[in-house]
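For reference, the structure is listed below as C-alpha cells.
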Amino acid sequence: MKNIIFIAPPAAGKGTQSAILEKKYHLPHISTGDVLRKESLEDTELGRYIREVMTSGGLVKDEVTYDLLLKRLSEKDCQNGYVLDGYPRNIEQAYKYDEMLKELHQTLGYVILLDISEDILEKRITGRRICKSCNAVYNINSETESPKEESICDKCGSRLYQRNDDNITSFKNRYNLYLEKTKPLLDYYRKKGILYVVNGDDTVINIANNIEAILKKGM
Ligand code: AMP
C-alpha cells in the first residue's frame, strides 16, 4: 500500500478519516499532533515548549517535528505504508519530508485534501470531544456525531475531553496559519500529480467512501 498524507485545515476530519484507513488497511496512523501532544505531557523543557506553542495554536519548530517524525517513521510498522496526518504543514517541511523519504527508501504516495469552509470548521471546533483512552472523536454540535451519553465514549465508556486548543482564538490562529503556510503545499503536490481533493463537508461514511474510490483507482 502506498503512503497517504492528509492535508486539511484544523478539525476538517483528518484524524477521523485516518483512523478509518488505519482499520481498513491495517496501516499505522501517524498524527504529528498526537506525537507532539504526548511529548508535551513530559515535564521537560521540550515538553513545556511544545505545550505552550500548541495551546496558542502556533506551529512547533521544524527541527522538533522533523526529529520526532523521523523516529516514528523509522519504526518497523511503517515499512509497508502509513497514514500521515498533520505533516508537512509548510513548504520547508515538505522539502525536508522529501529528503526523509529518500533516507527511509519510501515514496510520497497519495496526498488527499479534505476541502471544507471556515464557518463549518468553526462549528466543529467548539463541539469536538475526544475519548481520553481510545481517541474516538465526537461532535456535540452534530446530530450524527454526538455521543449517546454526554461526555462518555460510545466505544469504550471512557470520559471525553476537549482539546485545550479547540477554542475560537486558537482556531483562528490555526486556520490563518493553514491558509498562509499549509495551503501553498497543495500546488507543490498538484504539480507532482499526486493531489486528490475530497469534499470534507459530507458525512464521515461518504468521505471515507470517496477516499476509498481514489485509493482503489491507484492500486
Ligand atoms: P493537529 O492535531 O494536527 O490539529 O495539531 C495540533 C497542533 O500540533 C498544531 O496546532 C501545532 O501546534 C502542532 N503541530 C502538529 N503538526 C505539526 C507540524 N507538522 N509542524 C508544526 N506543528 C505541528
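Nothing in this text is a laboratory measurement; each read-out follows from the coordinates by a stated rule. Keep in mind that this is a model prediction, so the values were computed, not measured. We place every Cβ from the backbone using ideal geometry, glycine too, and count neighbours over all the protein chains shown.
For the stretch 2-50, the fraction of C-alpha pairs farther apart than 13 angstrom is 63 percent.
Show me the ranking of peptides 23-30, 209-216 by mean Cβ neighbours inside 10 Å, starting with the highest. Before the final figure, lay out the partial values.
Numbers: 23-30: 16.5, 209-216: 14.5.
Taking the mean over residues of other Cβ atoms within 10 Å, the ranking is 23-30, 209-216.
Exceeding 28 Å between C-alpha atoms, which entries from my cross-link table qualify? They are K23/K181; K132/K183; K61/K217; K71/K217; K96/K183; K148/K217. Beyond 28 Å between Cα atoms: K23/K181; K132/K183; K61/K217; K71/K217; K148/K217.
Per DSSP helix of 4 or more residues, -39500 (n - 2.57); summed, then divided by the residues of the chain. What does that give at 222 nm, rounded to the nearest 500? Mind showing how you got there, number by number?
Details: 9 runs with 100 residues, N = 219.
Mean residue ellipticity at 222 nm (helix-derived): -14000 deg cm²/dmol.
Across the chain, Cα-Cα distances exceeding 32 Å account for 13% of all pairs. Can you give me the Rg/Rh ratio for the stretch 137-209, using Cα atoms for both radii and the Kirkwood formula for Rh? Value, to two decimals: 1.07. For the chain, the membrane-span-like helices by this rule, meaning whole DSSP H stretches whose C-alpha atoms cover at least 15 Å of axis and whose Kyte-Doolittle mean is -0.5 or above, are 45-56, 62-73, 204-217; this says nothing about an actual membrane. Charged neighbours of Y95, selected by a Cβ distance under 12 Å, balance to -2 (K, R count +1; D, E count -1).
In whole angstrom, the stretch 92-141 maps to an equivalent ellipsoid with semi-axes of 32, 16, 9, each derived as √(5λ) from the alpha carbon gyration tensor and ordered largest first. For I5, nonlocal amide neighbours, meaning residues 5 or more places apart or on other chains whose placed amide H falls under 5 Å from its own, are L84, Y110, V111, I112. Give me the distance between the Cα centres of the stretch 1-32 and the stretch 153-204, rounded to whole Å. So the separation of the two Cα centres works out to 11 Å.
Around G33, under 14 Å between beta carbons, what's the net of Lys plus Arg minus Asp minus Glu among the other residues? Mind dumping the intermediate values first?
Working: positive: K14, R37, K38, R51, R72, R89, R128, R163, R174; negative: D34, E39, D85, D165, D166.
Computed value for this residue: +4.
Take the stretch 9-103, drop everything but the C-alpha atoms, weight them equally and run the Debye formula without solvent; then report log10 I(q)/I(0) at 0.11, 0.17, 0.23 Å⁻¹ to two decimals. The Cα Debye sum returns log10 ratios of -0.33, -0.80, -1.33.
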